[in-house]
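First comes the structure, then the notes that go with it.
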Amino acid sequence: MGFEYDVILLTGLLDFYGKVGDLGSARKVFVEMPERDVIATNAMISAFSRYGCVEEAKQLFENMSDRNSASWNSLITCYCKSSEVHNARLIFDRNPIKDVVSWNAMIDGYCKSEQMVKADELFGEMGFMKNVVTWNTIIAGYVQCGEFVRAINLFQRMLREEVKPTEVTMVSLLSACAHLGALDMGEWIHGFIRTKNIKIDFVLGNALIDMYFKCGNVEAAIQVFHGLHDRNIFCWNSVIIGLGMHGYGKEAVDAFIAMEREGIKPDGVTFVGLLCSCSHSGLVSVGRSYFSEMKIVYGIEPGIEHYGCMIDLLGRSGCLKEALELIKSMPMKPNAVVWGGLLRACHKHKDAKLGEQVTDNLLRLDPHDGGNYVFLSNLYASLNRWTEVDQCRKLMIKRGVRKTPGCSSIEVENIVYEFVAGDTSHTQINVFLDKIVKEVQAHGYEPDTTSVLHDVEDEEKESVVRYHSERIAVAFGLMTMQPGRIIRVVKNLRTCDDCHTFMKFISNVYKREIIMRDRNRFHHFRNGYCSCNDYW
């Protein structure tokens, strides 16, 4: 058509090829250009950056006779994408024309490599150059690194500095609230979204659904879901997974059926949620049926995560031999998650012989996971096999393995408080917890100390289980929250049998609903009963 000498058009063609994944054609266009300006060269560096061709990008950059800000930024981004953050910083420091994009690219590189101290240093040095992208980058970085409270604090500072948040800001914050179980803050953010008329698209809607489910408010999550004009597979998956976490297995299956009616094709994540829902609700035959239909009906090859769900489902229901046979039939090598599900089932159903076999496999796969030793130790303890308990714990010491300490958090007046198991420094809370124990004991509660070492005095055994982190958190909630308010606690580990019983008694004696999220699922304690039906 006679446009082969049009540099602007050729640059656009080069950029197009780079963005659609045809690096070879992009390079061909660049090489054959009759003349190449700085914009064309930047486009080629960006194309190299997109596909991790660091050396090619660097060589092109170093050979440029004329560079603009975009040239420096492209190479900084290229190094960051290839996890060469140190080299990116060298280019950043050499850059004589740093603009806000340069700073944001470098901060993003530090965030993605989880070097938050350096990211925060640059964030502070930027001064008034910061824009909303800068704020979003640093907030998302703290969320990615698990520093959720820091992310929320930065958002509050962002508002004080009158920077207008975007949908990206809201998604990061909702993720932080979801991890912390900070419902009050999550509700405030939802209100902020409505007040500022921020559009709720698929991504933001899904973040809201996920937040409400993970903060224990099932009704609000469903309400957000039904309020979305369009629902994609991610929204449906969040609902199915969320319902399952709360023990609403039948409702999760109903949601799966409704999703199919709307013409949404399930994916592998859908079936993870569906099988987990069946597991948490004891729907053994339904789970078996869907697992067998995955490949035949839906064309989805079961992955190791689906086998893990099925092992968990069968193990919880007492079908230990069937679970073991399924592991043996797996087309891939079982991992620690698969064997761990069966070990929990052995503990639940007190099958020490099979538990020993399972633990042998687990310790070969992951000899440093303290939870595996603890589960086997507790299994022996429940059967009064104290010699094996001692051997198990000595093996932990010999291998330098430590049990992960229990940690629980509770949100009160928009502030998240964290408590660690065995922490006796909270004098007032622990005194109040002692009163609670006496009160529920008067109503029939008896501490279950079967998993505590046998050579410890009975009174000391009670003390060990008394100061588990979720108990301290609930005691703090009873002390500080208005009567009638739901107490919401998030724990990093699976709750023990005794704490589960203790929570049921508290909910009945103190007439308070307690919603607890442990590592496995949600427990809604009301009037002396738990939503899991003691099936966790």
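Every residue, every condition in (1) part of a helix (DSSP H, G or I); (2) out of contact with any Leu (no Cβ under 7 Å at 6 or more places or on another chain), yes or no:
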| position | (1), (2) |
| --- | --- |
| I472 | yes, no |
| G477 | yes, yes |
| P483 | no, yes |
| R494 | no, yes |
| T501 | yes, yes |
| F505 | yes, yes |
| I515 | no, yes |
| R519 | no, no |
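Restricting attention to region 492-505 and to residues that are buried (at least 20 other Cβ atoms within 10 Å of the Cβ) and in contact with a Lys or Arg (Cβ under 7 Å, 6 or more places away or on another chain), the residue that is farthest from N430 (Cα to Cα) turns out to be L493. Taking region 370-401 as the range and being open to solvent by 60 Å² or more (accessible area, probe 1.4 Å) and of a type in the set (S, T, Y) as the test, only T387 passes. Among the numbered conditions (1) open to solvent by less than 40 Å² (accessible area, probe 1.4 Å); (2) under 21 Å from R519 (Cα atoms); (3) in contact (Cβ under 8 Å) with a residue 40 or more places away in the chain, the only one that T404 does not meet is (1). Between V149, V143, V171, the distinction of being β-branched (V, I, T), touching a residue at least 40 places away in the same chain (Cβ under 8 Å) and under 24 Å from F522 (Cβ atoms) belongs to V149 only.
Within region 262-317, restricting attention to residues that are in contact with a helix residue (DSSP H, G or I) (Cβ under 7 Å, 6 or more places away or on another chain) and hydroxyl-bearing (S, T, Y), the residue that is farthest from S238 (Cα to Cα) is S317. Considering the conditions (1) without any contact (Cβ under 8 Å) to a residue 24 or more places away in the chain; (2) closer than 30 Å to D120 by Cβ; (3) open to solvent by less than 70 Å² (accessible area, probe 1.4 Å), L60 is excluded by exactly one of them, (2). Taken over region 51-74, the criterion of being assigned to a helix (DSSP H, G or I), farther than 16 Å from T11 by Cα and in contact with a Ser or Thr (Cβ under 9 Å, 6 or more places away or on another chain) is satisfied by V54, A57, F61, S69, W72, N73. Within region 20-30, the set of residues being of a type outside the set (V, I, T) and out of contact with any Ser or Thr (no Cβ under 9 Å at 6 or more places or on another chain) comprises G21, D22, L23, G24, S25, A26, R27, K28. For region 229-247, a tally of residues being assigned to a loop (DSSP other than H, G, I, E, B), open to solvent by 10 Å² or more (accessible area, probe 1.4 Å) and touching a residue at least 40 places away in the same chain (Cβ under 8 Å) returns 1. Considering only residues that are of a type in the set (V, I, T) and crowded, with 17+ Cβ neighbours inside 10 Å, look in region 77-100 and name the one that is farthest from I45 (Cα to Cα). Among those residues, the one meeting the criterion is V85. With respect to S74, determine if the residue is hydroxyl-bearing (S, T, Y) and open to solvent by 70 Å² or more (accessible area, probe 1.4 Å). No: the conditions fail for S74. V420 fulfils the conditions (1) in contact with a Pro (Cβ under 9 Å, 6 or more places away or on another chain); (2) open to solvent by 60 Å² or more (accessible area, probe 1.4 Å); (3) farther than 30 Å from L174 by Cα except for a single criterion, (3).
For region 335-369: of the residues being outside any helix (DSSP H, G or I) and at negative phi, which is surrounded by the most Cβ atoms within 10 Å (Cβ to Cβ)? Looking at the filtered set, the residue picked out is D351. Scanning region 147-188 for residues that are over 19 Å from the mean Cα position of the chain (by Cα) and outside any helix (DSSP H, G or I), we see that the one that is surrounded by the most Cβ atoms within 10 Å (Cβ to Cβ) is P165. Among the residues of region 1-48, those identified as in contact (Cβ under 8 Å) with a residue 24 or more places away in the chain and among the basic types (K, R) are K19, R36. Here E251 passes the criteria (1) among the acidic types (D, E); (2) part of a loop (DSSP other than H, G, I, E, B); (3) crowded, with 17+ Cβ neighbours inside 10 Å except the one numbered (2). Here is a check on your reading of the model: is N131 among the polar types (S, T, N, Q), in contact (Cβ under 8 Å) with a residue 12 or more places away in the chain and surrounded by fewer than 17 Cβ atoms within 10 Å (Cβ to Cβ)? It is true that N131 is among the polar types (S, T, N, Q), in contact (Cβ under 8 Å) with a residue 12 or more places away in the chain and surrounded by fewer than 17 Cβ atoms within 10 Å (Cβ to Cβ). Against the condition modelled with pLDDT of 95 or more, under 21 Å from L180 (Cβ atoms), buried (at least 17 other Cβ atoms within 10 Å of the Cβ) and not small (G, A, S), how does Y110 come out, does it pass? Criteria not met by Y110. Would you point out the residue of region 103-152, among those that are in contact with a Ser or Thr (Cβ under 7 Å, 6 or more places away or on another chain) and small (G, A, S), that is farthest from C78 (Cα to Cα)? That would be A151. Taken over region 21-47, residues that are modelled with pLDDT of 90 or more, open to solvent by 90 Å² or more (accessible area, probe 1.4 Å) and part of a loop (DSSP other than H, G, I, E, B) amount to 0.
The values are calculated or read from the model by the stated rules, or taken from the named source; none is laboratory data. On a predicted model such as this, the values are computed, not experimentally measured, just so you know. No Cβ is skipped: glycine too gets one built from the backbone with ideal geometry, and neighbour counts run over all protein chains shown. To get the accessible areas, we keep the full protein, side chains included, count just its heavy atoms, and leave off ligands, DNA and RNA. Shrake-Rupley method; radii C 1.70, N 1.55, O 1.52, S 1.80 Å.
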